[in-house]
1. Every residue in region 60-94 that is free of Cβ contacts under 8 Å to residues at least 24 places away in the same chain, crowded, with 17+ Cβ neighbours inside 10 Å and of a type in the set (Val, Ile, Thr), please.
2. Test each condition in (1) at positive phi; (2) modelled with pLDDT under 75 for ASP108 and report the one that comes out false.
3. Tally up the residues in region 1-59 that are crowded, with 19+ Cβ neighbours inside 10 Å, assigned to a loop (DSSP other than H, G, I, E, B), at pLDDT 75 or above and among the small types (Gly, Ala, Ser), please.
Amino acid sequence: MRERHEILRPTRPYPGIVPLLEAAFAEPGLRHLFPFTSHHTPCFSSCTGYPYVLRGPCVDPLSDGRFRVRRPRSSIVIGYTETAKEAVALVTANFPAGLEPAGVRADDFGR
């Protein structure tokens, strides 16, 4: 995917998804949620099946190497960060208190 992106968009660097997911995995508060990406945007769901349930911010890796943290399914920006680790810290700071680990819904078994 990275090679295809670099061929199609040679002047735009590939989004920093991998460093962002590594930083998220290192954060215990996010490790128990279900990570998924949508259009190069990592998000964290409180359930493991589609449609996902977003309870906290999503992170957009930007072409300049920075990260934009925004409300889920919204264009409202919470903040911009220089590193993936800072973006994850901003995400966790904006998650609701007492968020339960990601669970499987009963209807997920029928797929």
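The values are calculated or read from the model by the stated rules, or taken from the named source; none is laboratory data. Here the structure is a predicted model, which is why all the values come from computation and not from measurement. FYI the Cβ positions are ideal-geometry reconstructions off the backbone, even for glycines, and counts take in every protein chain you see.
1. If the condition is that a residue be free of Cβ contacts under 8 Å to residues at least 24 places away in the same chain, crowded, with 17+ Cβ neighbours inside 10 Å and of a type in the set (Val, Ile, Thr), then ILE78, THR81 are the ones that fit.
2. (1)
3. Number satisfying all stated conditions: 2.
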